[in-house]
Amino acid sequence: MRTIRVESSAATILLTEAPEPKVRDRQTGEIAKDAVSGEVLMTIGVVYIEDGESSLIKVTVPEGGVSEGLILGSPVSLPGLIARPWESVFNGQQRHGIAFRAAAVTPAAFPAAMGATA
């Protein structure tokens, strides 16, 4: 399925949920792993703010891409952020959405206010 690169340089991204292992199968508790590298995948929650609008999203990041020093409510950077549309049938109902994945999650700084004076 096609992936779409997300240009996030003009956005403010705040960490809302600490990294935790992504569960592949809720019934068995199996943890998701990257299909190519075998690395454990983590999920984080962020609020993505751009052009006066915000969205709460979950982002999948490889465990090795999770930086130390992440603080809830603080700005983060998501290098390599992509969006991938998906759809599936579960219990006879068709579902669809967008999955987000980044190469890493790192601490960032709040952007300087536009037109601010010292």
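What follows draws every value from the coordinates through simple rules; no lab data is involved. Note that the coordinates shown come from a computational prediction; the quantities given were computed from them, not determined experimentally. Cβ coordinates were reconstructed from backbone atoms using ideal geometry, including for glycine residues, and neighbour counts include every protein chain displayed.
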- Query: At q = 0.14 Å⁻¹, what is the log10 ratio I(q)/I(0) for the chain, with the Debye formula run over Cα points and no solvent?
  - Reply: -0.65
- Item | Label-reachable residues, segment 78-109, where backbone N falls under 13 Å from a point 7 Å from Ser37's Cα toward its Cβ | 79-80, 102-105
- Taking the chain as a Gaussian network, where each spring joins two C-alpha atoms under 10 Å apart, which residue of Arg101, Arg84, Arg26 fluctuates the most? Arg26
- Stretch gain in nm, segment Glu87-Leu70, where the contour uses 0.36 nm per residue and the Cα spacing is subtracted: 2.9 nm
